[in-house]
Amino acid sequence: MFTYCKPTRHTFLWLLYLHLQSMLDVGKWPVFALLPPEELRLIRQACVFGSAANEALYVTVNDEVFALGTNCSGCLGLGDLQSTIEPRRIDVLCGKKIVSLSYGTGPHVVIATADGEVFAWGHNGYSQLGNGTTNHGLTPAQVSTNLLNKRVTEVACGSHHTIALTTDGEVFAWGYNNSGQVGSGSTANQPTPRRVSSCLQNKVVVNIACGQLCSMAVLDNGETYGWGYNCNGQLGLGNNGNQQTPCRIAALQGVNIIQVACGYAHTLALTDEGFIYAWGANSYGQLGTGNKSNQAVPTLINTDKERMVEVAACHTSHTSAAKTQSGQVLMWGQCRGQAVACPHITHFASTDDVFACFATPAVTWHLLTVDGDDYLTVAQSLKREFDSPDISDLKFLVDGKCIHVHKALLKIRCEHFRVLLNETDEESIEIHQFSYLVYRAFLEYLYTDIINLPPEDAIGLLDLATFYRETRLKRLCQETIKRGISEENAITLLSAAVKYEARDLEEFCFKFCVNHLTAVTQTQAFADMDHELLKTFISKASRYGAFKN
(Lines give C-alpha, C1' and ligand atoms only; values in the text may rest on other atoms or scores of the structure.)
Protein backbone atom coordinates (compact mmCIF):
# COMPACT_ATOMS: atom_id res chain seq x y z
CA MET A 1 0.00 0.00 0.00
CA PHE A 2 1.25 3.47 -0.80
CA THR A 3 0.09 7.04 -0.43
CA TYR A 4 0.04 9.34 -3.46
CA CYS A 5 1.74 12.68 -2.90
CA LYS A 6 1.17 15.52 -5.32
CA PRO A 7 4.48 16.67 -6.87
CA THR A 8 5.85 19.87 -5.37
CA ARG A 9 7.86 22.51 -7.18
CA HIS A 10 10.99 20.93 -5.68
CA THR A 11 10.35 17.69 -7.60
CA PHE A 12 9.28 19.39 -10.82
CA LEU A 13 12.65 19.43 -12.60
CA TRP A 14 13.46 15.88 -11.57
CA LEU A 15 10.11 14.60 -12.89
CA LEU A 16 10.67 16.57 -16.06
CA TYR A 17 14.08 14.98 -16.52
CA LEU A 18 12.76 11.45 -15.97
CA HIS A 19 9.87 12.00 -18.35
CA LEU A 20 12.05 13.31 -21.15
CA GLN A 21 14.45 10.39 -21.04
CA SER A 22 11.80 8.34 -22.83
CA MET A 23 11.01 10.90 -25.52
CA LEU A 24 12.44 11.34 -29.00
CA ASP A 25 12.51 14.71 -30.75
CA VAL A 26 11.53 14.19 -34.40
CA GLY A 27 10.17 17.71 -34.84
CA LYS A 28 13.23 18.79 -36.82
CA TRP A 29 12.31 16.38 -39.65
CA PRO A 30 9.66 18.00 -41.95
CA VAL A 31 7.97 14.67 -42.77
CA PHE A 32 6.66 14.60 -39.18
CA ALA A 33 5.34 18.17 -39.27
CA LEU A 34 1.67 17.21 -39.58
CA LEU A 35 1.65 14.78 -36.68
CA PRO A 36 -0.20 16.07 -33.61
CA PRO A 37 1.90 16.67 -30.45
CA GLU A 38 0.26 13.81 -28.60
CA GLU A 39 1.41 11.39 -31.31
CA LEU A 40 4.94 12.81 -31.45
CA ARG A 41 5.29 12.27 -27.71
CA LEU A 42 4.75 8.53 -28.17
CA ILE A 43 7.59 8.02 -30.66
CA ARG A 44 10.58 6.03 -29.38
CA GLN A 45 12.34 5.12 -32.64
CA ALA A 46 12.24 6.74 -36.06
CA CYS A 47 13.84 6.72 -39.48
CA VAL A 48 13.47 9.24 -42.31
CA PHE A 49 14.46 8.13 -45.82
CA GLY A 50 13.59 8.52 -49.51
CA SER A 51 14.95 10.60 -52.38
CA ALA A 52 13.40 13.74 -50.91
CA ALA A 53 13.34 12.68 -47.24
CA ASN A 54 9.61 12.18 -47.71
CA GLU A 55 9.16 8.72 -46.22
CA ALA A 56 9.37 7.68 -42.58
CA LEU A 57 8.89 4.79 -40.19
CA TYR A 58 8.48 5.11 -36.45
CA VAL A 59 7.95 2.92 -33.41
CA THR A 60 5.82 4.01 -30.45
CA VAL A 61 6.17 3.41 -26.73
CA ASN A 62 3.69 0.54 -27.17
CA ASP A 63 6.01 -1.04 -29.77
CA GLU A 64 3.59 -0.32 -32.60
CA VAL A 65 5.18 0.48 -35.97
CA PHE A 66 3.78 3.17 -38.27
CA ALA A 67 4.74 4.51 -41.69
CA LEU A 68 3.93 7.63 -43.69
CA GLY A 69 5.10 9.31 -46.86
CA THR A 70 5.12 8.84 -50.63
CA ASN A 71 5.58 5.04 -50.52
CA CYS A 72 7.85 4.72 -53.56
CA SER A 73 8.17 1.04 -54.60
CA GLY A 74 6.05 0.04 -51.60
CA CYS A 75 8.85 1.01 -49.22
CA LEU A 76 6.39 1.82 -46.41
CA GLY A 77 5.53 -1.86 -46.12
CA LEU A 78 1.78 -1.18 -46.03
CA GLY A 79 0.78 -3.73 -48.69
CA ASP A 80 0.07 -1.16 -51.40
CA LEU A 81 1.63 1.73 -53.32
CA GLN A 82 -0.56 4.47 -51.88
CA SER A 83 1.09 7.54 -50.42
CA THR A 84 -0.17 8.75 -47.06
CA ILE A 85 0.24 11.83 -44.88
CA GLU A 86 -1.61 10.03 -42.11
CA PRO A 87 0.47 7.41 -40.28
CA ARG A 88 -0.62 3.84 -41.04
CA ARG A 89 0.28 0.88 -38.87
CA ILE A 90 2.49 -1.95 -40.18
CA ASP A 91 0.81 -4.78 -38.31
CA VAL A 92 3.39 -7.47 -39.08
CA LEU A 93 6.15 -5.45 -37.39
CA CYS A 94 4.25 -4.45 -34.25
CA GLY A 95 5.88 -6.00 -31.19
CA LYS A 96 9.02 -7.03 -33.10
CA LYS A 97 11.41 -4.73 -31.18
CA ILE A 98 13.59 -3.28 -33.95
CA VAL A 99 17.29 -3.03 -33.05
CA SER A 100 18.75 -2.01 -36.43
CA LEU A 101 17.32 -0.44 -39.58
CA SER A 102 18.83 0.61 -42.88
CA TYR A 103 17.55 1.60 -46.32
CA GLY A 104 18.70 1.83 -49.92
CA THR A 105 17.99 4.41 -52.59
CA GLY A 106 15.37 2.32 -54.45
CA PRO A 107 14.28 2.57 -51.73
CA HIS A 108 14.29 -0.74 -49.93
CA VAL A 109 14.19 -1.11 -46.15
CA VAL A 110 15.79 -3.80 -44.00
CA ILE A 111 15.48 -4.30 -40.24
CA ALA A 112 16.91 -6.61 -37.60
CA THR A 113 14.82 -7.46 -34.55
CA ALA A 114 15.77 -8.22 -30.95
CA ASP A 115 15.24 -11.92 -31.77
CA GLY A 116 17.85 -11.72 -34.51
CA GLU A 117 15.35 -11.96 -37.39
CA VAL A 118 15.71 -9.92 -40.58
CA PHE A 119 12.78 -8.40 -42.47
CA ALA A 120 12.96 -6.56 -45.79
CA TRP A 121 10.56 -4.79 -48.16
CA GLY A 122 10.39 -2.17 -50.91
CA HIS A 123 12.38 -1.96 -54.14
CA ASN A 124 13.81 -5.30 -55.29
CA GLY A 125 15.01 -4.79 -58.86
CA TYR A 126 18.42 -6.22 -57.92
CA SER A 127 17.27 -8.82 -55.36
CA GLN A 128 18.26 -6.53 -52.49
CA LEU A 129 15.40 -7.99 -50.42
CA GLY A 130 17.20 -11.34 -50.42
CA ASN A 131 14.15 -13.42 -51.34
CA GLY A 132 15.53 -14.81 -54.61
CA THR A 133 13.26 -12.70 -56.84
CA THR A 134 13.29 -9.23 -58.37
CA ASN A 135 9.68 -8.47 -57.45
CA HIS A 136 9.10 -5.46 -55.22
CA GLY A 137 8.00 -6.32 -51.69
CA LEU A 138 4.92 -4.44 -50.55
CA THR A 139 4.95 -5.89 -47.02
CA PRO A 140 7.81 -6.83 -44.67
CA ALA A 141 8.93 -10.41 -45.27
CA GLN A 142 11.47 -12.37 -43.28
CA VAL A 143 14.80 -12.93 -45.02
CA SER A 144 15.35 -16.61 -44.33
CA THR A 145 17.87 -18.16 -46.73
CA ASN A 146 21.06 -18.97 -44.77
CA LEU A 147 19.87 -16.79 -41.86
CA LEU A 148 17.28 -18.97 -40.11
CA ASN A 149 19.79 -20.33 -37.62
CA LYS A 150 21.63 -17.02 -37.26
CA ARG A 151 20.95 -14.05 -34.98
CA VAL A 152 21.49 -10.79 -36.86
CA THR A 153 22.38 -7.75 -34.76
CA GLU A 154 23.03 -5.11 -37.41
CA VAL A 155 22.03 -4.41 -41.02
CA ALA A 156 23.41 -1.93 -43.55
CA CYS A 157 22.23 -1.01 -47.04
CA GLY A 158 24.01 0.50 -50.01
CA SER A 159 22.09 1.89 -52.95
CA HIS A 160 20.74 -1.54 -53.95
CA HIS A 161 22.58 -4.10 -51.82
CA THR A 162 22.35 -5.24 -48.22
CA ILE A 163 24.74 -6.68 -45.65
CA ALA A 164 23.99 -8.16 -42.23
CA LEU A 165 26.13 -8.86 -39.17
CA THR A 166 25.44 -11.83 -36.88
CA THR A 167 26.20 -12.40 -33.20
CA ASP A 168 28.98 -14.77 -34.32
CA GLY A 169 30.72 -11.93 -36.16
CA GLU A 170 29.80 -13.25 -39.61
CA VAL A 171 28.76 -10.99 -42.48
CA PHE A 172 26.09 -11.94 -45.03
CA ALA A 173 25.43 -9.96 -48.20
CA TRP A 174 22.95 -9.90 -51.08
CA GLY A 175 21.61 -7.74 -53.91
CA TYR A 176 23.29 -5.53 -56.52
CA ASN A 177 26.88 -6.55 -57.21
CA ASN A 178 28.09 -4.69 -60.30
CA SER A 179 31.27 -3.61 -58.46
CA GLY A 180 31.75 -6.57 -56.13
CA GLN A 181 29.93 -4.94 -53.19
CA VAL A 182 28.49 -8.26 -51.94
CA GLY A 183 32.01 -9.66 -51.69
CA SER A 184 31.32 -12.91 -53.53
CA GLY A 185 34.34 -12.79 -55.85
CA SER A 186 32.26 -11.96 -58.93
CA THR A 187 30.06 -9.15 -60.26
CA ALA A 188 26.90 -11.23 -60.58
CA ASN A 189 23.97 -10.04 -58.47
CA GLN A 190 23.38 -12.10 -55.33
CA PRO A 191 19.67 -13.08 -55.03
CA THR A 192 19.81 -14.46 -51.46
CA PRO A 193 22.04 -13.92 -48.41
CA ARG A 194 25.50 -15.40 -48.81
CA ARG A 195 28.25 -15.33 -46.24
CA VAL A 196 31.13 -12.99 -47.05
CA SER A 197 34.13 -15.19 -46.38
CA SER A 198 37.42 -14.97 -48.30
CA CYS A 199 39.86 -13.26 -45.91
CA LEU A 200 37.06 -12.70 -43.35
CA GLN A 201 36.90 -16.44 -42.77
CA ASN A 202 37.53 -17.27 -39.10
CA LYS A 203 37.52 -13.57 -38.21
CA VAL A 204 35.02 -11.75 -35.96
CA VAL A 205 33.37 -8.62 -37.40
CA VAL A 206 31.89 -6.12 -34.91
CA ASN A 207 30.77 -3.22 -37.09
CA ILE A 208 29.54 -2.82 -40.69
CA ALA A 209 28.65 0.04 -43.05
CA CYS A 210 27.78 0.61 -46.70
CA GLY A 211 28.50 3.34 -49.19
CA GLN A 212 26.45 3.55 -52.37
CA LEU A 213 28.33 0.69 -54.04
CA CYS A 214 30.80 -0.52 -51.42
CA SER A 215 30.87 -2.31 -48.07
CA MET A 216 33.06 -1.96 -44.98
CA ALA A 217 33.67 -4.13 -41.92
CA VAL A 218 35.56 -3.60 -38.66
CA LEU A 219 37.00 -6.61 -36.82
CA ASP A 220 37.19 -7.18 -33.07
CA ASN A 221 40.95 -6.54 -33.27
CA GLY A 222 40.45 -3.11 -34.87
CA GLU A 223 41.34 -4.10 -38.42
CA THR A 224 39.18 -2.64 -41.20
CA TYR A 225 38.21 -4.28 -44.49
CA GLY A 226 36.54 -2.91 -47.60
CA TRP A 227 35.14 -4.28 -50.84
CA GLY A 228 33.15 -3.11 -53.86
CA TYR A 229 33.36 0.12 -55.85
CA ASN A 230 36.61 2.06 -55.36
CA CYS A 231 36.98 4.60 -58.17
CA ASN A 232 37.08 7.45 -55.62
CA GLY A 233 39.40 5.61 -53.25
CA GLN A 234 36.57 4.97 -50.78
CA LEU A 235 37.99 1.57 -49.79
CA GLY A 236 41.18 3.23 -48.49
CA LEU A 237 43.47 0.75 -50.23
CA GLY A 238 45.77 3.27 -51.89
CA ASN A 239 44.38 2.61 -55.38
CA ASN A 240 41.19 3.09 -57.40
CA GLY A 241 40.49 -0.49 -58.40
CA ASN A 242 37.25 -2.24 -57.45
CA GLN A 243 37.46 -5.18 -55.05
CA GLN A 244 35.25 -8.25 -55.45
CA THR A 245 36.28 -9.68 -52.07
CA PRO A 246 37.15 -8.01 -48.73
CA CYS A 247 40.59 -6.41 -48.56
CA ARG A 248 42.30 -5.16 -45.42
CA ILE A 249 43.23 -1.47 -45.26
CA ALA A 250 46.98 -1.81 -44.82
CA ALA A 251 47.50 1.88 -44.14
CA LEU A 252 45.65 1.45 -40.82
CA GLN A 253 48.07 -1.20 -39.59
CA GLY A 254 48.50 -0.70 -35.84
CA VAL A 255 45.48 1.61 -35.60
CA ASN A 256 42.53 0.22 -33.63
CA ILE A 257 39.29 1.20 -35.41
CA ILE A 258 36.07 0.86 -33.40
CA GLN A 259 33.49 2.39 -35.77
CA VAL A 260 33.20 3.06 -39.49
CA ALA A 261 30.64 5.20 -41.36
CA CYS A 262 30.15 5.54 -45.11
CA GLY A 263 28.95 8.50 -47.11
CA TYR A 264 27.98 8.42 -50.77
CA ALA A 265 31.58 7.77 -51.84
CA HIS A 266 33.68 8.52 -48.77
CA THR A 267 34.45 6.74 -45.53
CA LEU A 268 35.06 7.85 -41.93
CA ALA A 269 36.66 5.73 -39.22
CA LEU A 270 36.90 6.32 -35.47
CA THR A 271 39.81 4.94 -33.44
CA ASP A 272 39.78 3.72 -29.85
CA GLU A 273 41.79 6.84 -28.94
CA GLY A 274 39.14 9.17 -30.35
CA PHE A 275 40.88 10.10 -33.62
CA ILE A 276 39.14 10.25 -37.00
CA TYR A 277 40.51 8.98 -40.31
CA ALA A 278 38.83 9.76 -43.63
CA TRP A 279 39.27 8.65 -47.23
CA GLY A 280 37.52 8.58 -50.62
CA ALA A 281 35.66 11.27 -52.58
CA ASN A 282 36.16 14.86 -51.43
CA SER A 283 34.49 17.17 -53.94
CA TYR A 284 32.47 18.79 -51.13
CA GLY A 285 35.22 18.70 -48.52
CA GLN A 286 33.55 15.70 -46.87
CA LEU A 287 36.90 14.30 -45.76
CA GLY A 288 37.55 17.35 -43.60
CA THR A 289 41.12 17.75 -44.87
CA GLY A 290 40.75 21.44 -45.73
CA ASN A 291 40.77 20.82 -49.48
CA LYS A 292 38.71 19.02 -52.13
CA SER A 293 41.22 16.41 -53.24
CA ASN A 294 40.22 12.74 -53.11
CA GLN A 295 42.24 10.52 -50.78
CA ALA A 296 42.84 6.83 -51.61
CA VAL A 297 44.42 6.15 -48.20
CA PRO A 298 43.15 6.99 -44.71
CA THR A 299 44.03 10.55 -43.68
CA LEU A 300 44.04 11.73 -40.06
CA ILE A 301 41.59 14.62 -39.59
CA ASN A 302 42.47 17.60 -37.39
CA THR A 303 39.78 18.03 -34.74
CA ASP A 304 41.79 20.24 -32.35
CA LYS A 305 42.87 17.25 -30.28
CA GLU A 306 39.50 16.75 -28.57
CA ARG A 307 38.51 13.12 -28.24
CA MET A 308 35.76 11.95 -30.61
CA VAL A 309 33.18 9.36 -29.57
CA GLU A 310 31.09 9.04 -32.77
CA VAL A 311 31.39 9.55 -36.52
CA ALA A 312 28.37 9.83 -38.81
CA ALA A 313 27.77 9.64 -42.55
CA CYS A 314 25.00 8.43 -44.86
CA HIS A 315 25.35 6.74 -48.25
CA THR A 316 22.79 9.16 -49.73
CA SER A 317 24.86 12.31 -49.08
CA HIS A 318 28.31 13.92 -49.00
CA THR A 319 27.91 15.20 -45.43
CA SER A 320 30.06 14.18 -42.46
CA ALA A 321 29.60 14.66 -38.72
CA ALA A 322 31.21 13.72 -35.44
CA LYS A 323 30.59 14.10 -31.72
CA THR A 324 33.17 14.89 -29.06
CA GLN A 325 33.46 13.46 -25.59
CA SER A 326 32.28 16.78 -24.16
CA GLY A 327 29.12 16.69 -26.32
CA GLN A 328 30.10 19.11 -29.08
CA VAL A 329 28.93 18.21 -32.58
CA LEU A 330 31.08 18.94 -35.64
CA MET A 331 30.08 18.84 -39.31
CA TRP A 332 31.82 19.16 -42.66
CA GLY A 333 31.23 18.33 -46.31
CA GLN A 334 28.11 19.22 -48.25
CA CYS A 335 26.04 21.81 -46.42
CA ARG A 336 22.89 22.58 -48.39
CA GLY A 337 24.90 22.61 -51.60
CA GLN A 338 27.93 24.45 -50.20
CA ALA A 339 31.28 22.88 -49.39
CA VAL A 340 32.66 22.94 -45.83
CA ALA A 341 36.18 21.55 -46.10
CA CYS A 342 37.16 21.57 -42.40
CA PRO A 343 35.27 20.27 -39.34
CA HIS A 344 33.05 23.05 -38.08
CA ILE A 345 31.58 23.24 -34.57
CA THR A 346 27.79 23.48 -34.57
CA HIS A 347 25.25 24.40 -31.90
CA PHE A 348 23.64 20.96 -32.20
CA ALA A 349 23.37 18.37 -29.43
CA SER A 350 23.51 15.31 -31.72
CA THR A 351 24.89 14.24 -35.09
CA ASP A 352 21.29 13.55 -36.15
CA ASP A 353 20.63 17.30 -36.24
CA VAL A 354 23.43 17.76 -38.78
CA PHE A 355 21.65 15.53 -41.28
CA ALA A 356 18.24 17.05 -40.55
CA CYS A 357 19.52 20.57 -41.24
CA PHE A 358 22.43 20.24 -43.68
CA ALA A 359 22.29 16.99 -45.66
CA THR A 360 20.71 16.62 -49.09
CA PRO A 361 18.38 14.80 -48.89
CA ALA A 362 17.74 15.42 -45.18
CA VAL A 363 17.42 11.76 -44.15
CA THR A 364 18.49 10.05 -40.94
CA TRP A 365 21.94 8.44 -41.04
CA HIS A 366 20.86 5.68 -38.66
CA LEU A 367 17.81 4.57 -36.68
CA LEU A 368 16.92 7.29 -34.18
CA THR A 369 16.40 5.57 -30.84
CA VAL A 370 15.80 6.63 -27.26
CA ASP A 371 18.31 4.92 -25.03
CA GLY A 372 20.45 5.57 -21.99
CA ASP A 373 22.96 7.58 -24.00
CA ASP A 374 20.47 10.13 -25.29
CA TYR A 375 21.09 13.60 -23.93
CA LEU A 376 18.78 16.57 -23.94
CA THR A 377 19.88 20.08 -23.12
CA VAL A 378 17.84 22.04 -20.60
CA ALA A 379 16.49 24.18 -23.43
CA GLN A 380 15.40 21.14 -25.45
CA SER A 381 13.77 19.58 -22.40
CA LEU A 382 11.76 22.67 -21.55
CA LYS A 383 10.71 23.21 -25.15
CA ARG A 384 9.24 19.72 -25.35
CA GLU A 385 7.24 20.06 -22.18
CA PHE A 386 5.47 23.28 -23.15
CA ASP A 387 1.70 22.74 -23.18
CA SER A 388 2.12 19.10 -22.20
CA PRO A 389 -0.49 17.98 -19.63
CA ASP A 390 1.57 15.00 -18.42
CA ILE A 391 3.44 16.68 -15.56
CA SER A 392 2.08 20.23 -15.65
CA ASP A 393 0.63 21.72 -12.45
CA LEU A 394 -1.15 24.77 -13.87
CA LYS A 395 -3.35 25.55 -16.84
CA PHE A 396 -4.50 28.83 -18.35
CA LEU A 397 -7.94 29.10 -19.89
CA VAL A 398 -7.95 31.54 -22.80
CA ASP A 399 -10.83 31.87 -25.26
CA GLY A 400 -12.14 28.53 -24.02
CA LYS A 401 -8.86 26.70 -24.69
CA CYS A 402 -6.30 25.25 -22.24
CA ILE A 403 -2.57 25.89 -22.12
CA HIS A 404 -0.66 23.58 -19.75
CA VAL A 405 2.38 24.99 -17.94
CA HIS A 406 4.57 24.55 -14.86
CA LYS A 407 4.44 27.00 -11.96
CA ALA A 408 8.11 26.64 -11.06
CA LEU A 409 9.25 27.58 -14.56
CA LEU A 410 6.90 30.56 -14.78
CA LYS A 411 8.16 31.91 -11.46
CA ILE A 412 11.74 31.55 -12.61
CA ARG A 413 11.16 33.21 -15.96
CA CYS A 414 8.70 36.03 -15.25
CA GLU A 415 8.41 38.48 -12.35
CA HIS A 416 4.68 38.88 -13.00
CA PHE A 417 4.12 35.19 -12.40
CA ARG A 418 6.48 35.11 -9.42
CA VAL A 419 4.18 37.57 -7.65
CA LEU A 420 0.91 36.12 -8.96
CA LEU A 421 1.64 32.48 -8.18
CA ASN A 422 2.96 33.25 -4.70
CA GLU A 423 -0.44 34.72 -3.94
CA THR A 424 -2.59 31.86 -5.26
CA ASP A 425 -2.72 28.08 -5.16
CA GLU A 426 -5.16 27.85 -8.06
CA GLU A 427 -4.54 25.11 -10.62
CA SER A 428 -6.50 26.95 -13.31
CA ILE A 429 -6.40 30.65 -14.25
CA GLU A 430 -8.67 32.38 -16.76
CA ILE A 431 -7.25 35.11 -18.99
CA HIS A 432 -9.58 37.66 -20.60
CA GLN A 433 -7.30 40.54 -21.58
CA PHE A 434 -5.39 38.76 -24.36
CA SER A 435 -6.26 36.34 -27.14
CA TYR A 436 -5.38 32.64 -27.06
CA LEU A 437 -2.92 33.09 -29.92
CA VAL A 438 -1.06 35.88 -28.13
CA TYR A 439 -1.07 34.32 -24.66
CA ARG A 440 0.09 30.96 -25.95
CA ALA A 441 2.95 32.68 -27.81
CA PHE A 442 3.91 34.47 -24.58
CA LEU A 443 3.98 31.28 -22.53
CA GLU A 444 5.87 29.45 -25.26
CA TYR A 445 8.43 32.26 -25.25
CA LEU A 446 9.01 31.63 -21.53
CA TYR A 447 9.89 28.03 -22.39
CA THR A 448 11.94 28.65 -25.54
CA ASP A 449 13.14 32.29 -25.70
CA ILE A 450 11.61 32.37 -29.18
CA ILE A 451 8.56 34.22 -30.53
CA ASN A 452 6.42 31.80 -32.49
CA LEU A 453 4.08 34.32 -34.12
CA PRO A 454 3.83 35.86 -37.60
CA PRO A 455 4.67 39.60 -37.74
CA GLU A 456 1.03 40.64 -38.21
CA ASP A 457 0.02 38.99 -34.92
CA ALA A 458 2.99 40.20 -32.90
CA ILE A 459 1.36 43.56 -32.07
CA GLY A 460 -0.86 41.80 -29.55
CA LEU A 461 2.24 40.26 -28.00
CA LEU A 462 3.88 43.70 -27.92
CA ASP A 463 0.86 44.89 -25.93
CA LEU A 464 1.30 42.00 -23.49
CA ALA A 465 5.05 42.56 -23.17
CA THR A 466 4.38 46.20 -22.30
CA PHE A 467 1.70 45.27 -19.78
CA TYR A 468 3.88 42.63 -18.06
CA ARG A 469 7.01 44.82 -18.30
CA GLU A 470 8.92 42.12 -20.19
CA THR A 471 11.70 44.24 -21.70
CA ARG A 472 13.43 41.51 -23.71
CA LEU A 473 10.16 40.18 -25.08
CA LYS A 474 9.20 43.69 -26.08
CA ARG A 475 12.46 44.05 -27.99
CA LEU A 476 11.95 40.72 -29.77
CA CYS A 477 8.39 41.71 -30.67
CA GLN A 478 9.64 44.86 -32.32
CA GLU A 479 12.14 42.87 -34.41
CA THR A 480 9.41 40.42 -35.41
CA ILE A 481 6.99 43.19 -36.40
CA LYS A 482 9.63 44.92 -38.51
CA ARG A 483 9.86 41.85 -40.76
CA GLY A 484 6.20 42.21 -41.72
CA ILE A 485 6.07 45.91 -42.56
CA SER A 486 4.51 46.97 -45.86
CA GLU A 487 3.13 50.13 -47.45
CA GLU A 488 -0.39 49.02 -46.46
CA ASN A 489 0.29 48.42 -42.76
CA ALA A 490 3.13 50.85 -42.05
CA ILE A 491 0.85 53.48 -40.44
CA THR A 492 -0.93 50.83 -38.36
CA LEU A 493 2.41 49.58 -37.08
CA LEU A 494 3.60 53.12 -36.42
CA SER A 495 0.46 53.78 -34.38
CA ALA A 496 1.02 50.60 -32.36
CA ALA A 497 4.65 51.53 -31.74
CA VAL A 498 3.62 54.93 -30.39
CA LYS A 499 0.84 53.44 -28.27
CA TYR A 500 3.13 50.87 -26.62
CA GLU A 501 6.15 53.17 -26.38
CA ALA A 502 8.23 50.93 -28.61
CA ARG A 503 10.78 53.56 -29.59
CA ASP A 504 12.93 51.42 -31.85
CA LEU A 505 9.91 50.17 -33.81
CA GLU A 506 8.50 53.68 -33.99
CA GLU A 507 11.66 55.02 -35.57
CA PHE A 508 11.82 52.11 -38.00
CA CYS A 509 8.19 52.55 -39.09
CA PHE A 510 8.58 56.31 -39.43
CA LYS A 511 11.58 55.97 -41.73
CA PHE A 512 9.77 53.34 -43.79
CA CYS A 513 6.80 55.70 -44.18
CA VAL A 514 9.02 58.57 -45.27
CA ASN A 515 10.83 56.37 -47.80
CA HIS A 516 7.49 55.17 -49.23
CA LEU A 517 5.58 58.38 -48.58
CA THR A 518 3.44 58.54 -51.73
CA ALA A 519 2.14 54.97 -51.41
CA VAL A 520 1.69 55.19 -47.64
CA THR A 521 -0.36 58.41 -47.79
CA GLN A 522 -2.78 56.75 -50.21
CA THR A 523 -3.70 53.94 -47.81
CA GLN A 524 -6.88 53.77 -45.75
CA ALA A 525 -4.79 53.54 -42.58
CA PHE A 526 -3.30 56.96 -43.32
CA ALA A 527 -6.78 58.39 -43.90
CA ASP A 528 -7.92 57.00 -40.54
CA MET A 529 -4.81 58.15 -38.71
CA ASP A 530 -5.23 59.68 -35.25
CA HIS A 531 -5.22 63.49 -35.53
CA GLU A 532 -2.48 64.07 -32.96
CA LEU A 533 -0.32 61.33 -34.47
CA LEU A 534 -0.87 62.79 -37.93
CA LYS A 535 0.34 66.23 -36.79
CA THR A 536 3.40 64.68 -35.18
CA PHE A 537 4.09 62.61 -38.29
CA ILE A 538 3.83 65.57 -40.69
CA SER A 539 6.00 67.74 -38.48
CA LYS A 540 8.69 65.11 -38.12
CA ALA A 541 8.55 64.16 -41.81
CA SER A 542 9.03 67.77 -42.83
CA ARG A 543 12.16 67.99 -40.68
CA TYR A 544 13.44 65.00 -42.60
CA GLY A 545 12.84 66.92 -45.82
CA ALA A 546 10.10 64.56 -47.00
CA PHE A 547 8.07 67.32 -48.64
CA LYS A 548 10.86 69.04 -50.55
CA ASN A 549 10.83 68.88 -54.35
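The values are calculated or read from the model by the stated rules, or taken from the named source; none is laboratory data. Just so it is clear, the structure is predicted and the values come from calculations on it, not from any experiment. All Cβ positions, even for glycine, are placed from backbone atoms using ideal geometry, and neighbour counts span all protein chains on display. All accessible areas refer to the heavy atoms of the entire protein, side chains included, with ligands and DNA or RNA removed. Shrake-Rupley method; radii C 1.70, N 1.55, O 1.52, S 1.80 Å.
Observations, loosely collected:
- Among (1) open to solvent by less than 50 Å² (accessible area, probe 1.4 Å); (2) at pLDDT below 90; (3) not in a loop (DSSP other than H, G, I, E, B) - the single one V26 does not satisfy: (3)
- The sole residue among G285, G211 that is open to solvent by less than 40 Å² (accessible area, probe 1.4 Å) and either modelled with pLDDT under 95 or on the phi > 0 side of the Ramachandran plot (or both) is G285.
- Within the range 225-240, the set of residues being open to solvent by less than 30 Å² (accessible area, probe 1.4 Å) and in a loop (DSSP other than H, G, I, E, B) comprises N230, G233, Q234, L235, G236.
- Test result for E273, open to solvent by 60 Å² or more (accessible area, probe 1.4 Å) and in the same structural domain as L213 (by the TED database): yes
- Residue list for the range 56-82, filter: surrounded by 20 or more Cβ atoms within 10 Å (Cβ to Cβ), more than 23 Å from K28 (Cβ to Cβ) and touching a Lys or Arg at 6+ places or on another chain (Cβ under 7 Å): L78
- Residue match in the range 33-53 (condition: surrounded by fewer than 20 Cβ atoms within 10 Å (Cβ to Cβ), assigned to a loop (DSSP other than H, G, I, E, B), under 15 Å from the mean Cα position of the chain (by Cα) and not aromatic (F, W, Y)): yes
- The range 391-407 residues that are touching a residue at least 40 places away in the same chain (Cβ under 8 Å) and among the aromatic types (F, W, Y), paired with ones that are crowded, with 19+ Cβ neighbours inside 10 Å and assigned to a strand (DSSP E or B) (beta carbon under 6 Å, 6 or more apart): F396/I403
- For A120, the conditions (1) within 21 Å of V205 (Cβ to Cβ); (2) within 21 Å of the chain's Cα centre (by Cα); (3) buried (at least 23 other Cβ atoms within 10 Å of the Cβ) all hold with the exception of (2).
- Some residue of the range 453-468 being open to solvent by 40 Å² or more (accessible area, probe 1.4 Å), within 28 Å of P36 (Cβ to Cβ), modelled with pLDDT of 90 or more and assigned by the TED database to the domain that holds F512: no
Condition check ((1) among the charged types (D, E, K, R); (2) assigned to a loop (DSSP other than H, G, I, E, B); (3) more than 28 Å from S215 (Cβ to Cβ)) across all residues:
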| position | (1), (2), (3) |
| --- | --- |
| T299 | no, no, no |
| D304 | yes, yes, yes |
| T316 | no, yes, no |
| A322 | no, no, no |
| G327 | no, yes, yes |
| L330 | no, no, no |
| Q334 | no, no, no |
| A359 | no, yes, no |
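- Conditions (1) over 30 Å from K323 (Cα atoms); (2) touching a Phe, Trp or Tyr at 6+ places or on another chain (Cβ under 9 Å); (3) part of a helix (DSSP H, G or I); (4) open to solvent by 30 Å² or more (accessible area, probe 1.4 Å): number failed by C402: (3)
- All conditions but one from (1) open to solvent by less than 50 Å² (accessible area, probe 1.4 Å); (2) within 27 Å of P30 (Cα to Cα); (3) modelled with pLDDT of 95 or more; (4) not hydroxyl-bearing (S, T, Y) apply to H366; the one that does not is (1).
- Selection of the range 83-95 for residues being assigned to a loop (DSSP other than H, G, I, E, B) and either over 16 Å from F119 (Cα atoms) or open to solvent by less than 10 Å² (accessible area, probe 1.4 Å) (or both) yields S83, I90.
Residues are listed down the side, and each one gets a yes or a no for (1) out of contact with any strand residue (DSSP E or B) (no Cβ under 8 Å at 6 or more places or on another chain); (2) over 20 Å from G125 (Cα atoms); (3) modelled with pLDDT under 95; (4) of a type in the set (S, T, Y):
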| site | (1), (2), (3), (4) |
| --- | --- |
| R41 | yes, yes, yes, no |
| L57 | no, yes, no, no |
| V61 | no, yes, yes, no |
| V65 | no, yes, no, no |
| L68 | no, yes, no, no |
| N71 | no, no, no, no |
| Q82 | yes, no, no, no |
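- Residue count for the range 420-462 satisfying the condition of being farther than 21 Å from C402 by Cα, assigned to a helix (DSSP H, G or I) and of a type outside the set (V, I, T): 4.
- For R472, the test of being of a type in the set (D, E, K, R) and out of contact with any strand residue (DSSP E or B) (no Cβ under 6 Å at 6 or more places or on another chain) is passed.
- Checking each residue of the range 152-171 against the condition of being in contact with a strand residue (DSSP E or B) (Cβ under 8 Å, 6 or more places away or on another chain), over 20 Å from R44 (Cα atoms) and acidic (D, E) gives at least one match.
- Every residue from the range 469-497 that is surrounded by fewer than 19 Cβ atoms within 10 Å (Cβ to Cβ), in a helix (DSSP H, G or I) and among the basic types (K, R): R472, R475, K482
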